[in-house]
Structure formats: C-alpha cells, structure tokens
Amino acid sequence: MTEFKPLVFSGVQPTGNLHLGNYLGAIRKFVALQENNDCIYCVVDLHALTAQLVHEDMATQIRSITAAFLAAGIDPKKHIVFNQSQVPQHAELAWIFNCVARIGWMNRMTQFKDKAGKDREQASLGLYAYPSLMAADILVYRATHVPVGEDQKQHLELARDIAMKFNMDFNEKIRPTGLGIDIKVGEEPVHAYFPMVEPLIDGPAPRVMSLKDGTKKMSKSDPSDLSRINLMDDQDAISKKIRKAKTDPDALPGEVDGLKGRPEADNLVGIFAALADKSKADVLSEFGGQQFSVFKPALIDLAVEVLAPINAEMRRLMEDPGHIDAVLRDGGERARTRAEKTMNEVRDIIGFVR
Ligand code: TYM
C-alpha cells in the first residue's frame, strides 16, 4: 500500500435545529463529495451528551438530522448514513485515544473553554474528552478527508496529533503487521497505521456569521432566532430574516478586497456565493456597485429556491420515522463491519488477547 485509500467522514450533532451554517459549512459539502468519493456521514448522538445529559427528544433530533442529510441529497445506499451509538467501536477507540492524547493538548481546545464557560469544574468529563471521541469517529474508519466548518479546525488538528502519536509510539508493533503505509516524520521513517486527516474547510462560507452581528458565528445557541436561518424555516421566515439582517449603508464593492472591515456584507456575499456554487468574486462581479436593497431580494430568492425543497423533503421524511430508522440501522450495520476490522487490527497492534 503506498497511500491511504481516500475516504470521507463527517458528523453532525443532534442538538437543536440545523441552521444555514451547518448546511453551507458541512452538509452541502457532504452532498458534493459523494460524487467522487466513498463517504460516511454520522449523526453523532454520543457527542450530544457532553453538554447536556438528558434530552427529552433525542430520537426526534437524531431522525431530524438524518432527514436533513437525505433531503439535502445524500444517498444512503451508495454511501453510509448512521448514528454513532449504533457503532460501539467509536467509544472503544476513543478510550484508547484518551490514553494517547495529553492533558496539555486538551487544555488548549478553545471550544471546550467556550462551552464550559466560567464554571469549568461543573463541565462533564465527556465535554473535555469530546475531541478524542471525534478523532475516534474519523480514525475508526481510517478516513482521510473531513468536510467541516472552520470552527472544527482545531479539533481536526488534534486528531492528527493523536494519529501521529499512536503511529510513533506503536511503530515497532505496526511495522511487522504491514498494515500501514511508510511515511517520513522529519528524517525518521514511520509505518503509519492511522492517516493524517485532511480538513476540507474551503469554499466561500467556511464560517457563516450571525445575521445580526457579522463578527459572531451563526449558532444554534444564539438566543435571537433572527440571527440564523434554520433549515426548517418557511419562506416567510427566510425572507423576513434576510430583510432584517444587519448591513452597512454602502453599496457592495466590485472586488473581494472591498469586503475587508465590512463583516455583515462579507457574510451575506459569502452566503450568496455558497448557495449559488460560485465564488465571492463572481457574486461581486454581478452585484458590485449595487445597494443592499437590490442584493437582499436576490439573496432571498436564491435562499428560498435552494432551501424550500430541502425543507419540504425533511417534513415529508419526518412523517415516516420507520423509514429513517431503517436507513440508520442499515448504515449502522455496514459501518460496524468496517469499524470492527479497524478495531481488531488496533487490538492486535496493542497486544490485547482476542
Ligand atoms: P456541529 O454539530 O456543531 O456542526 C455540524 C457542522 O456544521 C459546521 N458549522 C458551521 N459551518 C459554518 N458556519 C457556521 N456558523 C457553522 N456552525 C456549525 C460545523 O463546523 C460542523 O462541520 N464536533 C462536531 C461534530 C463531529 C464531527 C466528528 C465532525 C463529531 N465527530 C467527526 C467531523 C468529524 C460538531 O459539534 O459539529
């Protein structure tokens, strides 16, 4: 083997409503990547316990993320769609990674600091170890490419650090198995079992910002619903939220450079570009010199055109939970087979008796 087999993996948490940030930063990319790649997309329900333990509507939330995947165009027959808790190997590999990752590495995770807030002593151990489970999600399939929004970048760097430390520490045990590929770390030859995952963060909207404040990320937890477009919003809500979105008084610039220092304009142009599968430069060549009174109605039309069919299909799918559960069960079974193969190899590398 000279290279790891390309494999795309990504996950979305079943917590709160999906919004345009999740769609443009992640799900829309998942759909595009299916064309030329083997893909595994996961509803990460174990992650959902880290910030809040009891969820009254856990099953509905899991089904609703699955419905969004399917409605957006993910093909669960050609690829794999499942929920994490159906594949216990994720949690098993995460335990091993807890023993690989260093506390110093975890202490640098900014998302933990943000989510734990001031009362860090009261945060769950799961919230702290969360990035280690995320690394296991990816590496239990030895996936090579991970489409995510920019907020997940640091977690993917940690996944690379974990993979590298495992590869180095177990090198003498991996080498005789021939299960890895030969890479060089500096001058040192390493027979790597786990790949160095590549984050796929590119595109015009890697970080979709709040519609009310272009310096804050669009987020499920923002108290103002006007700050985000939810995938379940109807046409009227989408239209109202874009009309009320914060802007500045100037016309749109003709060049991308002109968006510097104009976070709200930059955000809306990025959203338009991502929805239209264009670059920001393309959008500005069309709308440069125009006022928001012209740009916003065009953005509303485009957003409705893209999101309304997804919204309608999600609603239709949610009426048949039995079908969604069958998709997850089928995906879970296929994922488990692959994950168990990796775990057997990992058990052998470590030296567990089986
Ligand atoms: P989650 O559930 O918070 O978000 C799902 C995806 O949406 C992206 N995203 C955004 N992208 C652009 N702009 C935004 N405002 C925005 N908000 C969210 C996120 O970057 C993510 O790609 N830890 C992950 C889930 C996870 C995972 C994994 C991802 C668990 N295991 C393994 C990849 C691989 C999370 O909480 O995403």
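Pairs exceeding a 23 Å alpha-carbon distance, out of 5/165; 241/280; 113/220; 115/244: 115/244. With springs only between Cα atoms under 10 Å, which of 94, 59, 265 fluctuates most in a Gaussian network model of the chain? Highest fluctuation among the options: 59. Once the Cα atoms are used to define both axes, helix 321-350 deviates from the longest principal axis of the chain by about 40 degrees.
Each of 102, 160 was scored by other Cβ atoms within 10 Å of its Cβ. Listed from fewest to most, they are 102, 160. Projected label points at residue 185 and residue 320, each 7 Å from Cα along the beta carbon direction, are separated by 4.9 nanometres. Straight-line cross-link partners of residue 29 among the lysines, defined as a Cα under 16 Å from its Cα and at least 8 positions apart when in the same chain: 153, 278. Multiplying the residue separation of residue 345 and residue 51 by 0.36 nm and removing their Cα-Cα distance gives an extension gain of 102.6 nm. Going by Cα centres, region 1-30 and region 139-159 are how many Å apart? Between the Cα centre of region 1-30 and that of region 139-159, the gap is 9 Å.
A Förster distance of 30 Å, applied to the separation of the beta-carbon atoms of residue 99 and residue 305, puts the FRET efficiency at 0.05. Against the chain, whose longest principal axis comes from its Cα atoms, helix 263-276 is set at around 70 degrees.
The modelled label-to-label distance for the pair residue 36/residue 78, using points 7 Å beyond Cα in the direction of Cβ, is 1.4 nm. Where in region 168-212 does the amide nitrogen come within less than 17 Å of the point 7 Å from the Cα of residue 5, taken along Cα to Cβ? Only 178-182, 193-196 fall inside the zone, counting backbone N under 17 Å. Name the most mobile residue of 179, 24, 133, meaning the one with the largest mean-square fluctuation, in a Gaussian network model of the chain with Cα contacts below 10 Å. Its mean-square fluctuation being the largest, the pick is 179.
Centre-to-centre separation between the Cα atoms of region 93-136 and those of region 161-238: 15 Å.
Each reported figure results from applying straightforward, stated rules to the coordinates on display, with no laboratory input. Only a predicted model underlies this, so the values are computations on that prediction, with no experimental measurement involved. Glycine gets a Cβ as well: all are built from the backbone with ideal geometry, and neighbour counts include every protein chain shown.
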